[in-house]
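Take a look at the structure set out below.
The values are calculated or read from the model by the stated rules, or taken from the named source; none is laboratory data. Here the structure is a predicted model, which is why all the values come from computation and not from measurement. Backbone-built Cβ (ideal geometry, glycine too); neighbour counts: all protein chains shown.
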Amino acid sequence: MRTYTAVIEKCMDTGLYVGYVPGVPGAHSQAATLDELSANMREALELIAEEGEPQAAGQFMGTQTLATSTP
């Protein structure tokens, strides 16, 4: 079993949850619920793995909060 870190966002226009695995091409999906998104992401990763072990182009390191001088 292999684990991946996914980035999850909520689209303000559609209300859908959007997820992707940084550095793994094709590892992305969207769904109306977080449970559905998790299932979709697992399915995407399993399909990618059928073609061979995904070779990540990078490693997720974290997030940063940035401030700007504009309001």
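Residue 36 - would you say it is farther than 17 Å from residue 2 by Cβ and either under 15 Å from the mean Cα position of the chain (by Cα) or at pLDDT below 90 (or both)? Against the criterion (farther than 17 Å from residue 2 by Cβ and either under 15 Å from the mean Cα position of the chain (by Cα) or at pLDDT below 90 (or both)), residue 36 qualifies. Out of 14, 65, one residue alone is at pLDDT 95 or above, over 12 Å from the mean Cα position of the chain (by Cα) and of a type in the set (S, T, N, Q). It is 14.
Considering only residues in region 17-30 that are modelled with pLDDT of 95 or more and in contact with a Phe, Trp or Tyr (Cβ under 9 Å, 6 or more places away or on another chain), the one that is surrounded by the most Cβ atoms within 10 Å (Cβ to Cβ) turns out to be 29.
I'd like to know if region 28-50 contains one or more residues that are on the phi > 0 side of the Ramachandran plot and of a type in the set (Gly, Ala, Ser). No: zero hits. Restricting 3, 63, 33 to residues that are touching a residue at least 12 places away in the same chain (Cβ under 8 Å), surrounded by fewer than 16 Cβ atoms within 10 Å (Cβ to Cβ) and polar (S, T, N, Q) narrows the list to 33.
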